[in-house]
């Protein structure tokens, strides 16, 4: 199994526990690479890869994978000193600078093509795009929300969320055109990032909005506890329902809130439950869940309040089979772009977009067209 063909998280089949518990791109790449190198399907975070047959040749392959996929240079000795799968992931993450940084390099490619920046969605962490980015033949970066790790307060507006991303993207891209893409709420944030880049007099060669509505589909989240309940309901549904489709059933949020209330369950209790099911590694700090659901809640509120301004740049709206009717027309009207296009890519919004072959092909084609215009 190649790196870009790993088990599909968030797809139409339930993910493997070891992949599902990955918190970010770095961890998912490490565990996928180890599963391929060791030719095993079942790897736990606490496993020692050497007990599964990892040797010096395997270590060499792992260092090469981390360099190719993340631009990370770690030595075989450093990896050998990490006695568990999670220890190796932690070492790779520290070397990549993923924690505390709003940009994570997902793919490193020796190419003169401008990089692609994939903006995170409502979850706040790097989008799960590592399995297919090699086919885009360029450096690919994912973004992370400010405040996800408690390093700063979570911004309360879409403009505030976009500002550090636009600054980091402008610095990283240098003088080449900027290509930006985002899915769902990430498409809305990508739109505001593009607006701020244009305000900085940066050339945005492509903005791809993937299945994004101009306002959030969720009911208004009245407080952080409700956001925790919603997130917990989503996780429970994903873990325990065989026919998971990405939808939270009617009443699930209310049931989760009632369970939390009756059990006097706070964020620490929710975290413990998620640890038991492998959603977070055992040593994840209690504060992590509160921060992540705060990002989730703040993003929804910012999304609700955001009113997209004019943006006359090349925009492609990529829509799924179950996209709300007319959402592309609203984007066309609000942007006022004279270069606005729409393309159907199939798939379903909640559970297969990141593994959608047609979506990848559409993005690759649009990047090629933007590259040719640049020449």
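Spot the failing condition for residue 166; the list is (1) buried (at least 17 other Cβ atoms within 10 Å of the Cβ); (2) at pLDDT below 80, and only one is missed.
Condition not satisfied by residue 166: (2).
Taking region 171-187, which residues are out of contact with any helix residue (DSSP H, G or I) (no Cβ under 6 Å at 6 or more places or on another chain), part of a helix (DSSP H, G or I) and either buried (at least 24 other Cβ atoms within 10 Å of the Cβ) or in contact (Cβ under 8 Å) with a residue 24 or more places away in the chain (or both)?
Once the filter is applied, which keeps residues that are out of contact with any helix residue (DSSP H, G or I) (no Cβ under 6 Å at 6 or more places or on another chain), part of a helix (DSSP H, G or I) and either buried (at least 24 other Cβ atoms within 10 Å of the Cβ) or in contact (Cβ under 8 Å) with a residue 24 or more places away in the chain (or both), region 171-187 yields 172, 173, 186, 187.
Could you tell me whether any residue of region 37-57 is modelled with pLDDT under 85 and in a helix (DSSP H, G or I)?
Scanning region 37-57 turns up no residue that is modelled with pLDDT under 85 and in a helix (DSSP H, G or I).
With respect to the numbered conditions (1) surrounded by fewer than 18 Cβ atoms within 10 Å (Cβ to Cβ); (2) in a helix (DSSP H, G or I), which one is the sole condition not fulfilled by residue 367?
Status for residue 367: all satisfied but (1).
Does any residue of region 290-301 turn out to be assigned by TED's automatic domain parsing to the domain that holds residue 203, over 28 Å from residue 201 (Cα atoms) and either surrounded by 20 or more Cβ atoms within 10 Å (Cβ to Cβ) or without any contact (Cβ under 8 Å) to a residue 40 or more places away in the chain (or both)?
No.
Among the residues of region 135-164, write down those that are under 14 Å from the mean Cα position of the chain (by Cα) and not in a loop (DSSP other than H, G, I, E, B).
Answer for region 135-164, where residues must be under 14 Å from the mean Cα position of the chain (by Cα) and not in a loop (DSSP other than H, G, I, E, B): 140, 141, 142, 143.
Does residue 106 satisfy the criteria of being closer than 30 Å to residue 372 by Cα and in contact (Cβ under 8 Å) with a residue 40 or more places away in the chain? Don't jump to the end; show me each part of the working.
Values: closer than 30 Å to residue 372 by Cα: yes; in contact (Cβ under 8 Å) with a residue 40 or more places away in the chain: yes.
For residue 106, the condition - closer than 30 Å to residue 372 by Cα and in contact (Cβ under 8 Å) with a residue 40 or more places away in the chain - is met.
With the condition kept exactly as written, say whether any residue in region 337-349 is at negative phi, surrounded by 21 or more Cβ atoms within 10 Å (Cβ to Cβ), at pLDDT below 90 and within 21 Å of the chain's Cα centre (by Cα).
The answer is yes; a qualifying residue exists.
With more than 23 Å from the chain's Cα centre (by Cα) and surrounded by fewer than 19 Cβ atoms within 10 Å (Cβ to Cβ) as the only criterion, which of 39, 68 stands out? It would help to see each step written out before you state the result.
Working: 68 fails: more than 23 Å from the chain's Cα centre (by Cα).
Of 39, 68, the one residue that is more than 23 Å from the chain's Cα centre (by Cα) and surrounded by fewer than 19 Cβ atoms within 10 Å (Cβ to Cβ) is 39.
The values are calculated or read from the model by the stated rules, or taken from the named source; none is laboratory data. Note that the coordinates shown come from a computational prediction; the quantities given were computed from them, not determined experimentally. Don't worry about glycine lacking a Cβ; one is built from the backbone with ideal geometry, like all the others, and counts go over all protein chains shown.
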